[in-house]
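Visitor: Please see the structure below; I have some questions.
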Amino acid sequence: ADTLGSAAAAQGRYFGTAVAASHLGEAGYVSTLNREFDSATPENEMKWDATEPTRGTFTFSAADRVVDHAQAQGMDVRGHTLVWHSQLPSWVGGLGAADLRSAMNNHINRVMGHYKGEIHSWDVVNEAFQDGGSGARRSSPFQDKLGDGYIEEAFRTARAADPAAKLCYNDYNTDGVNAKSTAVYTMVKDFKSRGVPIDCVGFQGHFNSNSPVPSDLRANLQRFADLGVDVQITELDIEGSGAAQADSYARVVEACLAVDRCTGITVWGVTDKYSWRSSGTPLLFDGNYAAKPAYHAVLSAL
Ligand code: XIL
């Protein structure tokens, strides 16, 4: 196979990218996207601030542009994200508990309802745990006002809203075995034991020199898979360049392929020039859409 998507498909996996609606008018962006990838995640367009900036008023135009493009190309779509402390309009934080609970469930119902049957996997809850060794939940309006139970409530609401979508918990700095990933693991294990609907765990995979690809990535993916959930690399980018960057990318691909339930990999953007890591070069294509050594390493690892 000579593209990321077709090579991954030959392994029974998908290979996706974050897509920004604002770049869909750029020929080089679109031709690279269409040629190489078979899954798309809207980079910002499905987030709460984009879809419900004012309570009860929903806007799907930008997200629809990404979804329509992906569908026209036969790509799967990952939904990102429903309940997250960031890119959250300020009105949400001003609600009391009862109102917040109904706003959260309404948000899930309306956004998932708009895309019902069209989303492969949804990041239902994103980044709910703190960094570091505490294993504690992160402070957010949801956590602070609704308590630990908001996560399972979100998943139960999501299951009813679109029974065809795989429901994922997604986080960062959880790629290796560490206190944070173990806190997520403990939650997923509890959900599975009590029948709370969860199908997948997303590992963002934002790596740099302070946070390199962990040597126990495969082992960590496997322990989650052993709980009975799929695992996915959802936002992969790796700071660096040249052979070192290429080697790191290859190791992530190899770890996923070594785990039966690792169903796919998404990189967090098509080209370095539009990466959210504005100062870096963390992606597979340079600013001119030339394939980097990291691209060739991924392709040969697939
Ligand atoms: C980032 C986007 O790439 C940026 O364009 C935006 O300004 C901020 O969010 N974790 C996530 C993603 O789950 O949604 C974030 O995306 C990157 C970190």
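The values are calculated or read from the model by the stated rules, or taken from the named source; none is laboratory data. Remember, it's a predicted structure, so these values are computed and weren't measured experimentally. As a convention, Cβ positions derive from the backbone with ideal geometry for all residues, glycine included, and neighbour counts pool all protein chains shown. Note: accessible area is taken over every heavy atom of the protein model, side chains too, but ligands, DNA and RNA are not part of it. Shrake-Rupley method; radii C 1.70, N 1.55, O 1.52, S 1.80 Å.
Visitor: Take the residues in the stretch 146-183 that are part of a helix (DSSP H, G or I) and either among the β-branched types (Val, Ile, Thr) or at pLDDT below 95 (or both); name whichever of them is surrounded by the most Cβ atoms within 10 Å (Cβ to Cβ). Working first, answer last.
Guide: Taking the stretch 146-183 first, the residues part of a helix (DSSP H, G or I) are 146, 150-161, 179-183.
Checking which are either among the β-branched types (Val, Ile, Thr) or at pLDDT below 95 (or both) leaves us with 151, 157, 182.
Values: Ile151: 23, Thr157: 21, Thr182: 16.
Among them, the one singled out is Ile151.
Visitor: Of the residues that sit in the stretch 91-144 and are part of a helix (DSSP H, G or I), within 17 Å of the chain's Cα centre (by Cα) and of a type in the set (Val, Ile, Thr), which one is nearest to the ligand (Cβ to nearest atom)? Before the answer, list the steps.
Guide: Within the stretch 91-144, the first condition is being part of a helix (DSSP H, G or I), and the residues that meet it are 91-93, 97-114, 141-144.
Applying the additional criterion that residues be within 17 Å of the chain's Cα centre (by Cα) yields 108, 111-112.
Subset that is of a type in the set (Val, Ile, Thr): 108, 111.
Working: Ile108: 17, Val111: 15 Å.
Among those that are part of a helix (DSSP H, G or I), within 17 Å of the chain's Cα centre (by Cα) and of a type in the set (Val, Ile, Thr), it is Val111.
Visitor: Something else: Scan the stretch 51-63 for residues that are in a helix (DSSP H, G or I), touching a residue at least 24 places away in the same chain (Cβ under 8 Å) and out of contact with any Phe, Trp or Tyr (no Cβ under 9 Å at 6 or more places or on another chain) and jot them down. Walk me through it before giving the result.
Guide: First pass over the stretch 51-63, keeping only residues in a helix (DSSP H, G or I): 51, 61-63.
From what is left, the residues that are touching a residue at least 24 places away in the same chain (Cβ under 8 Å) are 51, 62-63.
Correct list: Ala62 only.
Visitor: Let me ask something else about it. Could you pull out the residue among Ser90, Ser139, Ser102 that is in contact with a His (Cβ under 9 Å, 6 or more places away or on another chain) and among the small types (Gly, Ala, Ser)? Show your work before the answer.
Guide: Values: Ser90 fails: in contact with a His (Cβ under 9 Å, 6 or more places away or on another chain); Ser102 fails: in contact with a His (Cβ under 9 Å, 6 or more places away or on another chain).
Criteria check complete, one pass: Ser139.
Visitor: Given the criteria out of contact with any strand residue (DSSP E or B) (no Cβ under 8 Å at 6 or more places or on another chain) and either assigned to a helix (DSSP H, G or I) or hydrophobic (A, V, I, L, M, F, W, C) (or both), does Lys192 qualify?
Guide: On the way: out of contact with any strand residue (DSSP E or B) (no Cβ under 8 Å at 6 or more places or on another chain): yes; either assigned to a helix (DSSP H, G or I) or hydrophobic (A, V, I, L, M, F, W, C) (or both): yes.
For Lys192, the condition - out of contact with any strand residue (DSSP E or B) (no Cβ under 8 Å at 6 or more places or on another chain) and either assigned to a helix (DSSP H, G or I) or hydrophobic (A, V, I, L, M, F, W, C) (or both) - is met.
Table: residues versus (1) part of a helix (DSSP H, G or I); (2) within 11 Å of the ligand (Cβ to nearest atom); (3) more than 16 Å from the chain's Cα centre (by Cα).
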residue	(1), (2), (3)
Leu33	yes, no, yes
Ala40	no, no, no
Asn44	no, yes, no
Arg65	yes, no, yes
Asp68	yes, no, yes
Gln71	yes, no, yes
Gly74	no, no, yes
Thr81	no, yes, no
Gln87	no, yes, no
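Visitor: Right, something else. Which count do you get for residues in the stretch 192-212 that are of a type outside the set (Gly, Ala, Ser) and open to solvent by 10 Å² or more (accessible area, probe 1.4 Å)? Steps first, please.
Guide: We begin by selecting, within the stretch 192-212, every residue of a type outside the set (Gly, Ala, Ser); these are 192, 194, 196-201, 203-204, 206-208, 210, 212.
Within this subset, residues satisfying the condition of being open to solvent by 10 Å² or more (accessible area, probe 1.4 Å) are 192, 194, 197, 199, 206, 208, 210, 212.
The total comes to 8.
Visitor: Quickly run through the stretch 12-25 and pick out the residues that are in contact with a helix residue (DSSP H, G or I) (Cβ under 9 Å, 6 or more places away or on another chain), in a loop (DSSP other than H, G, I, E, B) and over 24 Å from His85 (Cβ atoms).
Guide: Arg13, Leu24 - these are the residues of the stretch 12-25 that are in contact with a helix residue (DSSP H, G or I) (Cβ under 9 Å, 6 or more places away or on another chain), in a loop (DSSP other than H, G, I, E, B) and over 24 Å from His85 (Cβ atoms).
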